[in-house]
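Chemist: Take this structure, written in structure tokens, and hold onto it; I'll ask about it next.
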Amino acid sequence: MRKMVHDYRVFLWRCLRLAFAGDWRYYAWMGFLTVFCLLGLNAYAKQFVQGLVVTGMCDQVSWGVYIANFTFLVGVAAAAVMLVIPVYIYDNEELHDLVIFGELLAVAAILMCLAFVTVDLGRPDRFWHLIPGLGQFNFPASMLSWDVIVLNGYLLLNIHICGYLLYSRYQNRRPARWFYIPFVFIAIGWAVSIHTVTAFLYVGLGGRPFWNSSIVGPRFLASAFTAGPALIILALQIIRRVTDYRITDRALLTLRSIVQVSMLINVFLLLNEVFKEFYSGNLHVASSRYLYVGLEGHHALVPWIWTAITFNIVAMFLLVLPVSRSLRWLNLTCVLAFVGIWIEKGMGLVIPGFIPTPLGEMVEYSPTLNETLVCFGIWAFGLLAYTIFLRMAVPILQGRVCKANESGPVLPPRVRQPNAAAATP
Amino acid sequence: MAYPPQSPAGAPTPGGEGQSRRSFLRTSAVFASGLAALAASLAPLRHLEDYTSLELFMQKYYKELTPEEMAKVLQRIEREVERQYGVRPHVRDLKPMNGVEFAYAHNLTRCIGCRKCVHACVAENNQSRTPEIQYIRVLRMPHGTLDVDKSEHHYDPKLVPEKGYFYMPVQCQQCKNPPCVKVCPVHATWQETDGITVIDYDWCIGCRYCEAACPYWARRFNWTKPSIPKDRLNPDMAYLGNRPRRQGVMEKCHFCIQRTRAGRYPACLEVCPTGARKFGNVLDPNSEVAYILRTKRVFIQLKEDLGTSPRFFYYFDV
């Protein structure tokens, strides 16, 4: 037992050391992200002192880019299953080793989600009121309490799966199937649940007709399963470029077919929603009108949503055409899809729900500089976390860092050399 | 579990002895400048004052406080208010009365849209003045519709009432089926037996989910530290009512709990120059509100189709 704990500590210590080892490009990238993290932290410190008045939000539009980014990132996290399903249900070998990269992305995305929710709280000092047993947890009535459970549960599931698989690889042992396969299958269902619950957060509000629609949940999933794998396609190519980790084009093209189908469903569901809102022409269409064409002289979101729709539709056509089999076109497509869905799911979903207010008042929203800096800070923090996870995972998966080369309890200096080699293409 | 003694807690030794010292210095320098950058980015926190106290941070949930603990909490609030405003307030924890269910009835025929209720409410309930928080929003409605999307919130004529319009003040509707209570993740807002939905300002985490859920736009958030001129403070306070709030929590109309649970009328009713506002115990058949609900031909629950079942009724005389 003692030895197990000790071995694990040595493993964690080596992982930690790995996070700080790299060539100048690695340091430059991490330094760049750290600067943004600190800028964000500084902006948040100002907000903490002065209150949420430093944001663009007000009583009329009481959620803004924080919750928008949160909603989008829950989708990115959920999309990790799109790598897991082909591997564990359809035994796709091509993607097998890439699953961990997807799950690590999910961990980073959930960390960002938690950060975005925290910065949105008026009283972050009272977060303990949310802890079941310690505070007062309004479960199962409040959808937010469901969200707390599913997000934290998903985080733990993914940390367990990645952590266990990496540690097994480090020890050069076959992972015990019973210790991770059940969790993989739980995580598949759980991934769907995190985004469904996040959709229900909005859907459950009867007083907001823009959200109170049963199509929001399916649309969330379709857009998540588009944007998430699109991001993974891009991330895998970056990994392939900056490390010598082997990732085949075929794996990328498998992901392409996932993005392809999801995007078709996503655009189809969008059409359904637009038709229902505008054809019947009832009084509840005010928010949609504001979003798509502007209302009573207010149209701040109109250029955004049409950009998003254009990106989505162009991406959809590129995806169905054979041209996106070439990586250059596929990358363009993925960027378009990712940005399009970020706009549509973030600003396009959260903000119009508040405009006009339930009493018919028109107040527009745009984020302030301080608010934007906090957002950049959290995105930088997420990328920083993901980079560190990859920095640890890649040499372990390659077998460069393993128990065999521990060479005694002192951290061997040689760890750096294979690692530095790993960083040069 | 002892950490292996050979394992250095400090810097790595990637080369020979000579390099190790340089690398130690370099690591220290990086570490120190990192800490300095972190400290600099957190510098705004120096201006943090009176954000919370240990007592407040550790305070239990309202419904779990024993009477003795409640007494201590009330004393703490009195002490804090006195320190901040120089006025010793009287803070009570008023409980709902048995056999009482409050309801409000508002006569749309009589209301002239003067907004006196709005300002009486602010004065009574110790709302922040800069920025000003108001619980009541008066809507100017064109004749012939109850669609709030057609309303005007910022009407500002020389004289009210104006021809062709009627006026509809909207405040917390004290729903029987309140969406705000359902969505609160920490039970910081709930419905009391007399029908008033209250907020424990010391328990609210400020997520604003209730504000998104309310179909009547009745909830308000303290976007910054509330400020009230010292000479404007109303010292007659209730825990669940008009005691001063802190930054980052929700508040809303509570039917003037500090008055109505002590047998008085709400401030908005008392100030109304036309007698458009009626308030009382709907369980008492002799009360004015019970009479109105029984005899008036037309009364409206705003957004009735949502199933929230407000305790705030609008009626016309004819």
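The values are calculated or read from the model by the stated rules, or taken from the named source; none is laboratory data. Being a predicted model, the structure only gives us computed values, none of them experimental. Note: ideal-geometry Cβ built from the backbone for every residue, glycine included; neighbour counts use all protein chains shown.
Chemist: Could you say whether any residue in region A:262-283 is acidic (D, E) and farther than 30 Å from A:S326 by Cα? Spell out the reasoning first.
Modeler: Residues of region A:262-283 acidic (D, E): A:273, A:277.
Then drop every residue that is not farther than 30 Å from A:S326 by Cα, which leaves A:273, A:277.
Yes, that holds for at least one residue.
Chemist: Among the residues of region B:183-205, count how many are buried (at least 24 other Cβ atoms within 10 Å of the Cβ) and at the interface with another protein chain (Cβ under 7 Å from one of its Cβ atoms).
Modeler: The total comes to 6.
Chemist: Go through region A:221-241 and report how many residues are buried (at least 22 other Cβ atoms within 10 Å of the Cβ) and touching a Pro at 6+ places or on another chain (Cβ under 9 Å).
Modeler: 0
Chemist: Can you pull out the residues in region B:34-53 that are assigned to a helix (DSSP H, G or I), within 11 Å of chain A (Cβ to nearest Cβ) and not charged (D, E, K, R)? Let's see the steps before the verdict.
Modeler: Narrowing region B:34-53 to residues assigned to a helix (DSSP H, G or I): B:34-41, B:43-47.
Filter once more, so that each one left must be within 11 Å of chain A (Cβ to nearest Cβ): B:34, B:36-41, B:43-47.
Answer for region B:34-53, where residues must be assigned to a helix (DSSP H, G or I), within 11 Å of chain A (Cβ to nearest Cβ) and not charged (D, E, K, R): B:G34, B:A36, B:A37, B:L38, B:A39, B:A40, B:S41, B:A43, B:P44, B:L45, B:H47.
Chemist: Continuing with the same structure: Take B:P226 and tell me if it is surrounded by fewer than 22 Cβ atoms within 10 Å (Cβ to Cβ) and either β-branched (V, I, T) or more than 10 Å from chain A (Cβ to nearest Cβ) (or both).
Modeler: no
Chemist: Condition first: exposed (fewer than 12 other Cβ atoms within 10 Å of the Cβ) and of a type in the set (V, I, T). Now tell me which residues in region B:22-66 satisfy that.
Modeler: Matches in region B:22-66: B:T66 only.
Chemist: Go through the residues of region A:76-91 one by one and say whether even a single one is among the aromatic types (F, W, Y) and within 30 Å of B:P44 (Cα to Cα).
Modeler: For region A:76-91, residues among the aromatic types (F, W, Y) and within 30 Å of B:P44 (Cα to Cα): absent.
Chemist: Take region A:1-26 and flag every residue that is of a type in the set (K, R) and surrounded by fewer than 15 Cβ atoms within 10 Å (Cβ to Cβ).
Modeler: The answer is A:R2, A:K3, A:R25.
Chemist: Among the residues of region A:161-174, count how many are closer than 17 Å to A:E103 by Cα and not β-branched (V, I, T).
Modeler: Qualifying residue count for the region: 8.
Chemist: While we're on this one: Of (1) under 15 Å from the mean Cα position of the chain (by Cα); (2) under 30 Å from A:R14 (Cα atoms), A:H195 satisfies all except one. Which?
Modeler: (2)
Chemist: Okay, next question. Can you tell me which of (1) more than 18 Å from B:F312 (Cβ to Cβ); (2) within 11 Å of chain A (Cβ to nearest Cβ) is the one B:A123 doesn't meet?
Modeler: (2)
Chemist: Give region A:56-74 a look and list any residue that's in a helix (DSSP H, G or I) and within 11 Å of chain B (Cβ to nearest Cβ), or say none.
Modeler: Scanning region A:56-74 gives A:Y66, A:I67.
Chemist: Quick one: in region A:242-265, of everything that is touching an Asp or Glu at 6+ places or on another chain (Cβ under 9 Å) and of a type outside the set (A, V, I, L, M, F, W, C), which residue is surrounded by the fewest Cβ atoms within 10 Å (Cβ to Cβ)?
Modeler: A:R246
Chemist: Here's another thing I want to ask about it. Out of the residues in region A:183-241 that are away from chain B (no Cβ under 14 Å) and of a type in the set (K, R), which is nearest to B:R219 (Cα to Cα)?
Modeler: The extreme case among them is A:R219.
Chemist: In region A:382-396, is there at least one residue being aliphatic (A, V, I, L, M), assigned to a loop (DSSP other than H, G, I, E, B) and modelled with pLDDT under 95?
Modeler: no
Chemist: I'd like to know if region A:336-351 contains one or more residues that are part of a loop (DSSP other than H, G, I, E, B), at pLDDT below 95 and more than 16 Å from B:W217 (Cβ to Cβ). Break it down stepwise before answering.
Modeler: Taking region A:336-351 first, the residues part of a loop (DSSP other than H, G, I, E, B) are A:346, A:351.
Those left that are additionally at pLDDT below 95: A:346.
So of that shortlist, the ones also more than 16 Å from B:W217 (Cβ to Cβ) come out as A:346.
Among the residues of region A:336-351, at least one is part of a loop (DSSP other than H, G, I, E, B), at pLDDT below 95 and more than 16 Å from B:W217 (Cβ to Cβ), which makes the answer yes.
For (1) of a type in the set (D, E); (2) in a helix (DSSP H, G or I); (3) touching a Lys or Arg at 6+ places or on another chain (Cβ under 9 Å); (4) more than 8 Å from chain B (Cβ to nearest Cβ), each residue gets a yes or a no:
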| position | (1), (2), (3), (4) |
| --- | --- |
| A:L104 | no, yes, no, yes |
| A:I110 | no, yes, no, yes |
| A:R126 | no, yes, no, no |
| A:P132 | no, no, no, yes |
| A:L151 | no, yes, no, yes |
| A:L157 | no, yes, no, yes |
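Chemist: Here is a follow-up. Take the residues in region B:246-261 that are in a loop (DSSP other than H, G, I, E, B) and under 8 Å from the mean Cα position of the chain (by Cα); name whichever of them is farthest from B:P310 (Cα to Cα).
Modeler: Checking each candidate, the answer is B:V249.
Chemist: Output the strands (runs of 3 or more DSSP E) that fall wholly within region B:67-165 and possess 2 or more residues being surrounded by 17 or more Cβ atoms within 10 Å (Cβ to Cβ) and of a type outside the set (A, V, I, L, M), or say none.
Modeler: B:102-107, B:137-142
Chemist: Go through region B:301-318 and give me each residue that's of a type in the set (K, R) and either crowded, with 20+ Cβ neighbours inside 10 Å or away from chain A (no Cβ under 14 Å) (or both).
Modeler: The answer is B:R311, and nothing else.
Chemist: Now for a different question. Quick one: what pairs do we get from region A:182-196, first residue at negative phi, second of a type in the set (S, T, N, Q), C-beta under 8 Å, 6+ apart or different chains?
Modeler: The qualifying pairs are A:A187/A:N158.
Chemist: Mind listing just one residue for me: the one in region B:1-60 that is of a type in the set (D, E, K, R) and over 30 Å from the mean Cα position of the chain (by Cα) and, of those, modelled with the highest pLDDT?
Modeler: Within region B:1-60, the first condition is being of a type in the set (D, E, K, R), and the residues that meet it are B:17, B:21-22, B:26, B:46, B:49-50, B:55, B:60.
Applying the additional criterion that residues be over 30 Å from the mean Cα position of the chain (by Cα) yields B:17, B:21-22, B:26.
Numbers: B:E17: 54, B:R21: 82, B:R22: 82, B:R26: 85.
So the residue we want is B:R26.
Chemist: Here's a check for you: in region B:154-182, which residue that is more than 10 Å from chain A (Cβ to nearest Cβ) and free of Cβ contacts under 8 Å to residues at least 12 places away in the same chain is nearest to B:I300 (Cα to Cα)?
Modeler: B:K163
Chemist: Inspect all residues belonging to region A:307-325 and state whether any of them is modelled with pLDDT under 95 and part of a loop (DSSP other than H, G, I, E, B).
Modeler: No, region A:307-325 has no match at all.
Chemist: Could I ask something else about it? Any residue in region B:72-83 that is more than 30 Å from A:L134 (Cα to Cα) and of a type in the set (D, E)?
Modeler: yes
Chemist: Now for a separate question. For region A:286-318, how many residues meet the condition of being within 14 Å of chain B (Cβ to nearest Cβ), under 18 Å from A:E273 (Cβ atoms) and either of a type in the set (S, T, Y) or loosely packed, with under 15 Cβ neighbours inside 10 Å (or both)?
Modeler: Qualifying residue count for the region: 3.
Chemist: Give me a count of the residues in region B:117-142 that are farther than 25 Å from B:F279 by Cα and at pLDDT 95 or above.
Modeler: 4
Chemist: Inside region A:1-55, can you point out the residues that are farther than 30 Å from A:Y167 by Cβ, in contact with a Lys or Arg (Cβ under 7 Å, 6 or more places away or on another chain) and part of a helix (DSSP H, G or I)?
Modeler: A:V54
Chemist: Could you list, in sequence order, the residues of region B:271-300 that are surrounded by 13 or more Cβ atoms within 10 Å (Cβ to Cβ), out of contact with any Cys (no Cβ under 9 Å at 6 or more places or on another chain) and of a type outside the set (A, V, I, L, M, F, W, C)?
Modeler: Within region B:271-300, B:K278, B:G280, B:N281, B:D284, B:S287, B:E288, B:Y291, B:K296 qualify.
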